[in-house]
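The values are calculated or read from the model by the stated rules, or taken from the named source; none is laboratory data. Just so it is clear, the model here is predicted, and its values are computed rather than measured. Note that each Cβ is placed from the backbone with ideal geometry, even for glycine, and that neighbours are counted across all protein chains shown. All accessible areas refer to the heavy atoms of the entire protein, side chains included, with ligands and DNA or RNA removed. Shrake-Rupley method; radii C 1.70, N 1.55, O 1.52, S 1.80 Å.
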Amino acid sequence: MNMDAALQTFFSESRELLEQMESLLLQLETLDEASRQESLHGIFRAAHTIKGSAGMFGLDDVVNFTHAVESVLDRLRNRQLSVSDALVSLLLQCRDHIAQLVDSAEAGNHDSTIVKAGQPLLAALQSYLVAGAAAETQAPALPVSEPPPFERLDSDDVASSECWHISIRFGHNCFRDGMDPLSFITYLKHLGDVISIIPLAEFLPTVSEFDSESCYLAFGIQLASSASKQEIEDVFEFVREDSILHIIPPRSRLQEFVDLIEAMPQVDQLLGQMLVTSGALTENELQRALQLQQQRSSSHQPLGEIISSTNAGIQPVLQAALDKQGKVRDTLVKEQKSLRVDAEKLDKLINLVGELVTAGAGTSLLADNLGDSALNESVSVLNSLLEAVRDAALELRMIPIGATFSRFQRVVRDIAHELDKEIELVINGAETELDKSVIEKIGDPLTHLVRNAIDHGIESPAVRAAAGKAEKGTIILNAYHDSGNIVIEVSDDGKGLDPELIRAKAIEKQLVDENAVLSREEILNLILEPGFSTAEKVSNLSGRGVGMDVVKRNIAELRGRVEIISQVGQGSTMRIILPLTLAIIDGFVIGVADEQFVVPLDAVLECLELKQQPDNPFDAPYFNLRGQVLPLIYLRHCLGVEGRYPARQNVVVVQSGGVSAGLVVDCLLGEFQTVIKPLGKLFSKVGCISGSTILGNGSVALILDIHGLINTMTESEPQLLQ
Amino acid sequence: MAEAKQSLAVREGDASAQEESQYLTFLLHGELYAFGILHVKEILEYGRVTKVPRMPDFIEGVINLRGEVIPVVNLASRFGMAASQISRRTCIVIVEVDQETDSQVIGVLVDSVSEVLEIAQDSLRGAPSFGASIRTDFIRAMGKLGEAFVIILDENKVLSVEEMTLVGQVRDAAMEN
């Protein structure tokens, strides 16, 4: 293992853990007792892992600070402290500080100002520790280690030594892996006092066999520490796989056995057996011990007797402890079942899959033309597999928006505190999946919208009470799929937007003419214009007149749009509507003359034949759909397609944004797995086309943007009247 | 000028030394134009081009280049001449142009591709201030070929995405009024 690479892993892992910590901390106050305890364990684990790994790399600033945080967390989870708003806030600040320390460590500079900035936090943490310690003197001493029963069980037979005994035999490849045994032992000092280190020379080979690059080091270490077994074990995490590590808790009668056995030649195996009998070991140690037991079944017969004579009463405890550890391990395994993959590799895969799908469509077209049934069958099997591969590949890029949403818990909490407002954030549709690239770009505009909602939308509790509303304001983040689009909403139940005020402001800022006739919607949209701000005074959050236009621009870059819905006094909803810029959609292919177009299948409601009647000529502007007026869009005219009229035409009823329309087309060609190819900047101004795709025969078909198409028609209407 | 002529197939090895002065020449309404060989990625036979509605005339449409959808520009229309008629010799030259932030691949429809020419640096002349058949800012240089001249085009100007998009908008605006 390369240490540099390991360091990089540490940084990215730490960030993930810190994020995890934040979200758990934010949940703490709302949880019931049982799940709160679980969360506290999670937070503690995160802090602990960061501290442990940081120690490995000698990042002392991180270790020192995190240690203090960890101590408070430890008291929290042992219920020596209770969860309070102030404490959670402090811990959140501490989390931020750890993040800063990690960042500065990554930047490679030891910045004393950052460390100094942590001093007040440390002092605040200290106060929790001291207050807790006073309480502890009355309470019976609490066990520190995670699986505590062993020590207490053995307490009637305590050895005189108050120290942990650690026996570590480093793996032969230790040096080759870039590990320095000394750093582990140095790090042990963070956990307690190293009383003595005894090198074990039994493992040294003869000079002729000695390889100067191999590591033959083995130590017996006496450590006085209040750390748990797990903590000590974690110190050696990086060398765990190759090394043989045994940790014996203090005050254990095992100590006697250890002393006894250390003199024996087969030190490690016998020691392992000893540990089994006492129950003070972890699962993998037991596994190893069992393996060894099998290997040497004949040699350890006498020892077996010792085991049976000593462990009769311990067996149930051991079993329970193993079960518990198994569970912990299971959840850990589940948490770590993700794999880091370079985003570029993923993009490449998606591209390849896209080409594969296109090639597959071409092959099935050829097979169809040949009419060979065996070939057709094999092609159809191939195609169904292709579809499965395509779906799986696309899934890889899809990320639920939940993680992005829950980031705002913190934003809302902090800003609401700052402004003395009470705000609850409700998240709906967290499982809605978006393409990774969209998620990356949606964060900033969302932050703007949420900040605006807190700052301008929600009133202060007093104003709210006066208006007869609950003092606690609500902000709702919502996400859902709607006919091929993804809709993300930020709603608040605040004071809403006042069209009159906006209009007056816009006139004052000379954004609109005084006499302009504007619809309500148009007025609301004015707040998206550059240089517009309705806040009467500028706060440090928003109100500087930048923001909403940035939101609009960012969303436009994603080829989406922003809608504003607002009722004075009742709140407003900012609705972001994004196209599925995702690589593949289900499409419906239609033909007009020689051209083929794809309509997103989600937008299609039904298909009908357009009957030619004397009173209903081909260019009738609307259609009678079961008694409803359905406006018709003649794609032939609208898209300027030339070619002969067919004998009869069809109507595809489509819907977008609550508006239905009928697309008049020549023929219906059925569903098609559409690999979306962006059309590029050159075509960015074409309103009614959202992209292109490659058909089975290799030609390019355009994907219709139904919303854009309906809009184009609506806009061109007044001109026709003129 | 025998040494100026070379076959279409350029050998890889000596490419680096000569690229500076190699050009792909092609015909448009009987007149000879050239792109710098470094910008040319490949030459395709004319195939099916999908029209994109509501685009200026000089945007011929889009084609499928091994899974990538790329725009095709009708160069004659771009120069304000009558659009090229499709014939047996019509080709699409795939050109890579540098835009502000990235490079873009664009297909260019030409009447026929002639050959790769090597033109010495001292045979290049500046663009005439007037009298050329196309806008002078499209011309990078005039290459002297014996008695005749070949117009060496400035790919980045001729195929500027920004300008071509603008033309579409101006036309839309004109239509609305």
Among the residues of the range A:671-690 satisfying the criterion of being of a type outside the set (Val, Ile, Thr) and under 17 Å from residue A:604 (Cα atoms), which is nearest to the other protein chains (Cβ to nearest Cβ)?
A:688
Scanning the range A:504-523 residue by residue, those open to solvent by less than 50 Å² (accessible area, probe 1.4 Å) and either part of a helix (DSSP H, G or I) or not assigned by TED's automatic domain parsing to the domain that holds residue A:564 (or both) turn out to be A:505, A:506, A:507, A:523
From (1) of a type in the set (A, V, I, L, M, F, W, C); (2) farther than 28 Å from residue A:423 by Cα; (3) surrounded by fewer than 17 Cβ atoms within 10 Å (Cβ to Cβ), pick out the condition that doesn't hold for residue A:54.
(3)
Selection count where residues are at pLDDT below 85, open to solvent by 50 Å² or more (accessible area, probe 1.4 Å) and not in a loop (DSSP other than H, G, I, E, B), scope the range B:114-135:
3
For the range A:632-639, does any single residue satisfy the condition of being open to solvent by less than 10 Å² (accessible area, probe 1.4 Å), modelled with pLDDT of 85 or more, farther than 30 Å from residue A:360 by Cα and more than 14 Å from chain B (Cβ to nearest Cβ)?
no
Here are some conditions: (1) facing chain B (nearest Cβ under 10 Å); (2) in contact with a helix residue (DSSP H, G or I) (Cβ under 7 Å, 6 or more places away or on another chain); (3) under 27 Å from residue A:387 (Cβ atoms); (4) at pLDDT 80 or above. Residue A:700 meets all but one. Which one does it not meet?
(2)
Name the single residue that is nearest to the chain's Cα centre (by Cα) among those in the range A:474-500 being modelled with pLDDT of 80 or more and not in a strand (DSSP E or B).
A:493
Out of B:83, B:15, B:34, B:76, report the one residue that is touching a Ser or Thr at 6+ places or on another chain (Cβ under 7 Å), at pLDDT below 85, more than 14 Å from every other protein chain (Cβ to nearest Cβ) and open to solvent by less than 70 Å² (accessible area, probe 1.4 Å).
B:83
Within 14 Å of chain A (Cβ to nearest Cβ) and either on the phi < 0 side of the Ramachandran plot or more than 18 Å from the chain's Cα centre (by Cα) (or both) - does that describe any residue in the range B:107-118?
yes
Residues being at pLDDT below 80 and either in contact with a Ser or Thr (Cβ under 9 Å, 6 or more places away or on another chain) or in a helix (DSSP H, G or I) (or both): count how many of those fall in the range A:14-34.
6
Only one of (1) within 14 Å of chain B (Cβ to nearest Cβ); (2) open to solvent by 70 Å² or more (accessible area, probe 1.4 Å); (3) among the β-branched types (Val, Ile, Thr) fails for residue A:629. Which number is that?
(1)
Out of everything in the range B:40-73 that is crowded, with 22+ Cβ neighbours inside 10 Å and within 14 Å of the chain's Cα centre (by Cα), what residue ends up being nearest to the other protein chains (Cβ to nearest Cβ)?
B:71
Residues that are basic (Lys, Arg) and either open to solvent by 50 Å² or more (accessible area, probe 1.4 Å) or within 15 Å of residue A:402 (Cβ to Cβ) (or both), drawn from the range A:412-440:
A:436
Here the residues within the range A:488-507 that are without any contact (Cβ under 8 Å) to a residue 12 or more places away in the chain and of a type in the set (A, V, I, L, M) are A:504, A:507
Breaking point among (1) among the small types (Gly, Ala, Ser); (2) under 24 Å from the mean Cα position of the chain (by Cα); (3) under 19 Å from residue A:234 (Cα atoms), for residue A:55:
(2)
Since residue A:685 meets every condition but one in (1) farther than 19 Å from residue B:64 by Cα; (2) in contact with a Pro (Cβ under 6 Å, 6 or more places away or on another chain), which condition does it not meet?
(2)
Can we say residue A:453 is outside any strand (DSSP E or B) and either out of contact with any strand residue (DSSP E or B) (no Cβ under 6 Å at 6 or more places or on another chain) or surrounded by fewer than 21 Cβ atoms within 10 Å (Cβ to Cβ) (or both)?
no
Taking residue B:109 and the conditions (1) assigned to a loop (DSSP other than H, G, I, E, B); (2) at pLDDT 85 or above; (3) surrounded by 13 or more Cβ atoms within 10 Å (Cβ to Cβ), which numbered condition does it fall short on, given that it satisfies the others?
(1)
